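Written out below as structure tokens is the structure these notes cover.
Read-outs: derived from the displayed coordinates by stated rules, not from any lab. Source: prediction; values computed, not measured. As a convention, Cβ positions derive from the backbone with ideal geometry for all residues, glycine included, and neighbour counts pool all protein chains shown.
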């Protein structure tokens with residue numbers, strides 16, 4: 001029971017991380033389309049959608065795996081943690097690249 005709860009929490013957090021990364025890229029893309037001379041940003045963002053799709057797909061897979069037994073819960077924890085960390089890392093890289101601190 002505890003293992004299942006941990007698996008569900010990890011999987012849900014992974015899905016949230018992937019959705020947040022996708023939302024940030026959508027916001028960045030929208031802002032780049034409205035700004036003249038930001039075509040390079042739109043091109044860079046369009047190349048990052050694959051990462052969002054992959055991390056989101058693996059996160060959803062981990063969420064579906066939580067419906068199985070104890071072994072699938074362990075697999076769900078591993079895949080959810082991996083995709084959540086990857087989505088978070090990709091989001092941090094995107095934020096660092098386009099940070100406007102000045």
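Of note:
- For the chain, the longest principal axis of the alpha carbon atoms and the long axis of helix 2-34 meet at an angle near 10°.
- Given the alternatives (i) 2, 15, 21, 18, 13, 10, 8, 6, 4, 2, 0; (ii) 2, 14, 27, 29, 18, 9, 1, 0; (iii) 2, 11, 20, 24, 19, 12, 8, 3, 1, P(r) over Cα pairs in 5 Å bins from 0, in percent as computed for this entry is given by (i).
- Spin-label zone in the stretch 1-44 - amide nitrogen under 14 Å from a point set 7 Å from the Cα of residue 74 along the C-beta vector: 3-4, 7
- Comparing 83, 62, 42 in a Gaussian network model of the chain where C-alpha atoms under 10 Å apart are linked, the largest mean-square fluctuation is found at 42.
- Helical contribution to [θ] at 222 nm, DSSP H n ≥ 4, -39,500 (n - 2.57), averaged over the chain, rounded to 500: -31000 deg cm²/dmol
- Cα-projected label distance for residue 96 with residue 12, points at 7 Å along beta-carbon direction, nm: 3.1 nm
- When the Gaussian network model of the chain links Cα atoms closer than 10 Å, the mean-square fluctuations of 53, 68, 23 top out at 68.
- Considering only alpha-carbon pairs that sit under 8 angstrom and 6 or more positions apart, the relative contact order computed for the chain is 42 percent.
- Between 0 and 90 degrees, the angle of helix 70-97 with respect to the longest Cα principal axis of the chain falls at about 10 degrees.
- Principal-axis tilt of helix 39-65 within the chain, Cα atoms, nearest 10 degrees: 10 degrees
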